[in-house]
Number of protein chains: 2
Amino acid sequence: MKAELLEIIGDDKRVWVDFIDEKYYSDQLGRIKVKPGAVVLPLKTKEVASVVKFANENSIPIIPRGANTGLTGATIPVEGSIIIDLSALNHIEAFDEETLTVTVQPGVPLEEIQAFVETKGYFYPPDPGEKKATIGGNISTNAGGMRAVKYGVTRDYVRSLEVVLASGKIVEVGAETIKNSSGLDLKNLIIGSEGTLGIVTKAKLKVLPKPAYTMSALAPFETLEEGIDTVLEILRANVDVTAIEFLEKEAIALSEKYLGLVFPTHKGNAYLLFTFDGESMENIRAYSDKVKDICRTYGALDFINLEDEEALQRTWQIRGAIVSAVESTSEQEPIDIVVPIHRSAEFVKYTKQVSQKYDIAVQSFGHAGDGNVHLCIIRGDLEEEEWKNRLDQILEDLYKKAHELKGLPSGEHGIGQTKRPYYLKYADETQIALMRGIKAVFDPKGILNPQKVY
Amino acid sequence: MKAELLEIIGDDKRVWVDFIDEKYYSDQLGRIKVKPGAVVLPLKTKEVASVVKFANENSIPIIPRGANTGLTGATIPVEGSIIIDLSALNHIEAFDEETLTVTVQPGVPLEEIQAFVETKGYFYPPDPGEKKATIGGNISTNAGGMRAVKYGVTRDYVRSLEVVLASGKIVEVGAETIKNSSGLDLKNLIIGSEGTLGIVTKAKLKVLPKPAYTMSALAPFETLEEGIDTVLEILRANVDVTAIEFLEKEAIALSEKYLGLVFPTHKGNAYLLFTFDGESMENIRAYSDKVKDICRTYGALDFINLEDEEALQRTWQIRGAIVSAVESTSEQEPIDIVVPIHRSAEFVKYTKQVSQKYDIAVQSFGHAGDGNVHLCIIRGDLEEEEWKNRLDQILEDLYKKAHELKGLPSGEHGIGQTKRPYYLKYADETQIALMRGIKAVFDPKGILNPQKVY
């Protein structure tokens, strides 16, 4: 395979066969390590297409990979596979004020897109926590993030995609038009498919005019349940809230210690963190006042408008560092369960029960505005076998509970490899059969990111 | 087949085989008439499933049908087919303030859903012109409508769907959760598939809190091009506009005459009609003032705030009656082309050229805020053969131009039967092959609405 890949790529500094950097053996978590057969670093869509065509003709599995920030093992190779590292396809190709779109290659980090469009007076609303993730990964997992309450998720901002199919053919799904009722929706099928149907090599993304003002506010509650119960009432009040995050005291404490920063309040045991944005600060304050009233009615101990820029940055920094703070003390298993929004409090309460039952620390935080609960299940000082054993039991319990509450194993991270058994356990068999049928249409030999998702 | 259908439905008043009402021979336009083999009127999902299962086992084509308000021949039967008339599956099953959803059967008319949720203080944003269309039809075509500029289209409001597959199995695609990154997106594949992949028998739709205030405003321009050029500038200004419709003097005149009503202005030759909504009238006025400034800068001859309820109703009545007004004078061919928004003016200008070239009247109107241009191509007093001849030529020209401008044959009506040749002419062959492959996975015998769309 070495000779063929060298011929396609034409540059021995972008093809690795004999010596492969160990970073390619695994995903970010690094628990499962498999040596791939080769790694290529294409600079052009055509190179991607040629590598895929070659792999397809020879039934060699392909693993697409970007910044490798995924949390579900979607980029873990299989033996003998070719990893296509898309991180060098990292150009912002066009910004078009006529169609209000930005055209990017898959390897552009999210933070770069956000910063770029903001220099033009626009903004790209999807805002997952991991800003170094590539847009290709965001599209492959239909990433969500903080601002989903008001603005929706990655899916809602993809106008069209250039996709390399298993055959090596290049297609453009979606359109430059805003509306489209012409044929089956292949674009939404590719979004969230985690590299199993094709490889995204270009994306045209919708941007919005940048709101003139944003503001955050923080409400401490005695218990998390009280906080989460408030959320539904806020959503019913039509107060144009951009983000509603929930946080717990313990997680905040870890993050404060990790960063050496102090959270604006230490009242209560749980917090709701709100963001608003809009064209007028007066409106934002009016909405924020309404939210304040609702919070007070539902038992908030305080309501702090974070109008001071420094306090604002500090608060979000602490929110953003929770996972790193946890990981600085121990290995952890990241969970991305989503439940119907009115079940959030019940689910979070259940996580405390399993934490006690198995004597394992569980930190929860996440997107209160859409029922997407992130958990860190913390290994602490458990021995390998005991950790695996308890983790497996706790996961069984959590995914079972999520299913009972009509929830799903992933709200925004995807299923990948590590969540696959839990997903398949509760997914409808008929639908899994349809997904596999669709996979066979796109990828008859099953070379694209095999043994992932469904 | 009569005996089997009678056994499944168990009520001879809901099965027709020997005597079939002629209304079932065609779609709303009534140009192509085909006698189906049978019509059934199910009252339960189970009956739909049993009929489909029987049809599949016997390779009998199935044509699903609601209020038959479609404009693309999607409900025209094929010979010997069974029409499943879903109009008696017309119950609103649940309204849930915990998940902010309404659960409806496919035969509920859109206007009934809108009215129902408004009594609860909520609203269902998608607002296509045809309010008597059923929600099943809206989902099957991914219907758009006026409010798409701010609120998006039907696709954006479907949380989950109950679908009868060709096998007769019943699945629920999508979820009760707000976010979902768990497996391939079968829900979006069903939406807009025009009955070719399955039959929607229930839908859980997202609703929003009803805005406290709405306002409309009207801006006359000397030419339509000037008006449409203004739109992009308005979208860039972040002024939270709900709808931007464009209208031409001639179409208005027809509608005025038809209704015996007078439009609020007769200045200029073209009009932009805006809607705003929100929680504060003050904000709405501030946004409307900004739009007024932009319109003036771009040559508007006036800017009329339609704050008077009577004038407001009258204006929208006249907008709403354009197609009926045209049809009261002549047969017409409805067009639903969508182009990238900055190409709208160019496309509308082109429609004037083809109108002259073929000496056929063309009225254009539509959704200026998203590049979705509706045309009525008007037969006038042309003889049948001449009409068909010229219509075919004009359609060839229009769809060719749309393709050149990176547009699509349908923004919200769907492809159905009548637009299929034009769609297939310019669609990418690889993608059509994927669509047909997907169809074969869902419907191996090809019984579901055959010879439609792709």
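The values are calculated or read from the model by the stated rules, or taken from the named source; none is laboratory data. All values reported here derive from a predicted model rather than from experimental measurement. Here Cβ is always computed from backbone atoms with ideal geometry, including for glycine, and neighbour counts include all displayed protein chains.
Within region A:171-192, being under 19 Å from the mean Cα position of the chain (by Cα) and at the interface with another protein chain (Cβ under 8 Å from one of its Cβ atoms) holds for A:N188, A:L189, A:I191, A:G192. Comparison of A:Q393, A:Q317 shows that the only residue that is out of contact with any Gly (no Cβ under 8 Å at 6 or more places or on another chain) and either small (G, A, S) or over 20 Å from A:P264 (Cβ atoms) (or both) is A:Q393. Would you please name the residue that is farthest from the chain's Cα centre (by Cα), looking only at residues in region A:427-454 that are within 19 Å of A:H403 (Cβ to Cβ) and assigned to a loop (DSSP other than H, G, I, E, B)? So the residue we want is A:D428. Filtered by the rule that a residue be under 25 Å from the mean Cα position of the chain (by Cα) and among the polar types (S, T, N, Q), region B:1-50 gives B:S26, B:Q28, B:T45. All of B:L382, B:L424 fail the test of being part of a loop (DSSP other than H, G, I, E, B), of a type outside the set (K, R) and free of Cβ contacts under 8 Å to residues at least 40 places away in the same chain, apart from B:L382. Would a scan of region A:286-296 turn up a residue that is modelled with pLDDT under 95, within 28 Å of the chain's Cα centre (by Cα) and within 14 Å of chain B (Cβ to nearest Cβ)? No, region A:286-296 contains no residue that is modelled with pLDDT under 95, within 28 Å of the chain's Cα centre (by Cα) and within 14 Å of chain B (Cβ to nearest Cβ). Residues that are in contact (Cβ under 8 Å) with a residue 60 or more places away in the chain and under 24 Å from A:A253 (Cβ atoms) were ranked within region A:362-375; the one that is farthest from the other protein chains (Cβ to nearest Cβ) is A:Q363. Taken across region B:193-202, residues that are more than 20 Å from A:I432 (Cβ to Cβ), in contact with a Ser or Thr (Cβ under 8 Å, 6 or more places away or on another chain) and either within 9 Å of another protein chain (Cβ to nearest Cβ) or of a type in the set (F, W, Y) (or both) do occur, with at least one present. Only one entry in A:E225, A:E248, A:E279, A:E233 is buried (at least 18 other Cβ atoms within 10 Å of the Cβ), in contact with a helix residue (DSSP H, G or I) (Cβ under 7 Å, 6 or more places away or on another chain), outside the structural domain of A:T103 (by TED's automatic domain parsing) and touching a residue at least 60 places away in the same chain (Cβ under 8 Å), namely A:E248.
For region A:1-11, residues that are surrounded by fewer than 19 Cβ atoms within 10 Å (Cβ to Cβ) and touching a residue at least 60 places away in the same chain (Cβ under 8 Å) total 1. Going through (1) within 12 Å of another protein chain (Cβ to nearest Cβ); (2) more than 26 Å from A:A321 (Cβ to Cβ); (3) modelled with pLDDT of 95 or more one by one, A:I92 falls short only on (1). Within region A:90-120, being part of a loop (DSSP other than H, G, I, E, B) and of a type in the set (A, V, I, L, M) holds for A:L100, A:V108. Screening region B:203-235 for residues that are of a type in the set (S, T, N, Q) and assigned to a strand (DSSP E or B) and picking the one that is nearest to the other protein chains (Cβ to nearest Cβ) gives B:T214. The residues in region A:336-360 that are more than 13 Å from chain B (Cβ to nearest Cβ) and either closer than 22 Å to A:G129 by Cα or of a type in the set (S, T, Y) (or both) can be counted, and the count is 5.
For region B:171-184, the set of residues classified as part of a loop (DSSP other than H, G, I, E, B) and under 14 Å from A:G411 (Cβ atoms) consists of B:A175, B:E176, B:T177, B:I178, B:K179, B:N180, B:S181, B:S182, B:G183, listed by residue number. Kindly evaluate A:V348 against the criterion of being buried (at least 23 other Cβ atoms within 10 Å of the Cβ) and modelled with pLDDT under 95. Criteria met by A:V348. From the list A:E98, A:E111, A:E118, the lone residue that is of a type in the set (D, E, K, R), modelled with pLDDT under 95 and out of contact with any strand residue (DSSP E or B) (no Cβ under 9 Å at 6 or more places or on another chain) is A:E98. Each residue in region B:121-170 was checked for being touching a residue at least 40 places away in the same chain (Cβ under 8 Å), of a type in the set (V, I, T) and either part of a helix (DSSP H, G or I) or within 10 Å of chain A (Cβ to nearest Cβ) (or both), and 6 pass. When each of A:V117, A:V102, A:V52 is tested for being surrounded by 23 or more Cβ atoms within 10 Å (Cβ to Cβ), under 30 Å from B:I228 (Cα atoms), of a type in the set (V, I, T) and not assigned by TED's automatic domain parsing to the domain that holds A:D336, the lone residue that passes is A:V102. Checked against (1) crowded, with 24+ Cβ neighbours inside 10 Å; (2) at pLDDT 95 or above, B:M146 meets all criteria but (2). Evaluation of B:I191 against the conditions (1) without any contact (Cβ under 8 Å) to a residue 60 or more places away in the chain; (2) of a type in the set (A, V, I, L, M, F, W, C); (3) surrounded by fewer than 24 Cβ atoms within 10 Å (Cβ to Cβ) shows that the sole unmet condition is (3).
Would you check which residues across region B:309-345 are surrounded by fewer than 23 Cβ atoms within 10 Å (Cβ to Cβ), among the polar types (S, T, N, Q) and assigned to a helix (DSSP H, G or I) and list them? Correct list: B:Q313, B:Q317, B:S324, B:S328, B:T329.
Scanning region A:12-29 for residues that are surrounded by fewer than 13 Cβ atoms within 10 Å (Cβ to Cβ) and either in contact (Cβ under 8 Å) with a residue 40 or more places away in the chain or in a loop (DSSP other than H, G, I, E, B) (or both) turns up A:D12, A:K13, A:D18, A:F19, A:D21, A:K23. For region B:390-413, the criterion of a residue being without any contact (Cβ under 8 Å) to a residue 60 or more places away in the chain, under 30 Å from A:L100 (Cα atoms), within 14 Å of chain A (Cβ to nearest Cβ) and among the hydroxyl-bearing types (S, T, Y) is satisfied by no position.
Taking (1) within 12 Å of chain B (Cβ to nearest Cβ); (2) touching a strand residue (DSSP E or B) at 6+ places or on another chain (Cβ under 9 Å) in turn, A:E250 satisfies each apart from (1). Scan region B:437-448 for residues that are touching a helix residue (DSSP H, G or I) at 6+ places or on another chain (Cβ under 9 Å) and surrounded by 15 or more Cβ atoms within 10 Å (Cβ to Cβ) and jot them down. Result: B:G437, B:I438, B:V441, B:F442, B:D443, B:K445, B:G446, B:I447, B:L448.
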